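Enquirer: Take a look at the following structure, please.
FYI, it's all coordinate maths here, none of it is from the lab. Here the structure is a predicted model, which means the values were calculated and not measured. Cβ: placed from backbone, ideal geometry, glycine included. Neighbour counts: every protein chain shown.
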């Protein structure tokens with residue numbers, strides 16, 4: 001599949017894409033020819049390289065109605081996140097080209113933790129993120145709010161799978177932004193949402209000592 005904009009071919013082998021819901025002339029896309037993940041501002045005729053490999057960029061709401069409202073584009077259009085497919089979300093400032101690695105906001109014994117960006121705050125300054133303290137099969141999944149500048153994290157709640165298979169997932173129906181704060185629901189039919197004492201949360205709001213995870217995607221020919 002090719003990506004053509006105003007009769008100009010931008011990608012000969014398109015692998016994924018997402019369109020800014022508020023500005024349809026802006027698109028983030030991945031391809032193997034050329035190889036990489038890119039941002040195009042059609043109105044400004046500007047292209048930015050987001051990653052050196054083609055990675056998944058489409059919105060989670062495109063995969064399931066349980067993630068309604070989950071889009072990588074910030075409400076103000078300034079940022080887009082990438083890297084959810086490898087549990088390493090990175091927010092890119094589309095004006096400056098700067099990157100904010102959300103996994104820098106917290107750690108466990110110096111290690112980076114897998115996480116998934118799920119929902120922007122209405123002002124675009126924060127992201128609701130799901131942290132997996134011990135990997136995908138761990139029964140606990142922590143809901144946190146990560147502020148972009150300065151980078152900091154706030155613990156909100158934990159969803160615990162009482163069956164213990166670690167397959168119970170947060171959805172966008174389980175929390176909301178209220179007056180600039182992220183608020184969780186108190187319970188859920190298939191499991192429970194609890195607020196742990198901070199001493200029982202299995203990570204700390206400290207930058208990991210482990211190096212960043214490279215943004216690796218599909219191989220290019």
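Enquirer: Just the ratio, please: alpha-carbon radius of gyration of region 28-159 over 2.2 N^0.38 Å, N its number of residues.
Expert: Rounded to two decimals, the normalised Rg is 1.05.
Enquirer: Given springs between every Cα pair under 10 Å in a Gaussian network model of the chain, which of 198, 106, 151 has the largest fluctuation?
Expert: 198
Enquirer: Please report the spacing between the Cα centers of region 195-210 and region 67-111 in Å, no decimals.
Expert: Distance between centres, Cα-based: 19 Å.
Enquirer: Within region 132-161, find all residues whose amide N lies under 19 Å from a label point positioned 7 Å from the Cα of residue 196 along Cα-to-beta-carbon.
Expert: 132-146, 153-161
Enquirer: In addition: If you wrap a convex hull around the alpha carbons of the chain, what volume per residue comes out, as a whole number of Å³?
Expert: Details: hull volume 28.4 nm³, N = 221.
That works out to 128 Å³ per residue.
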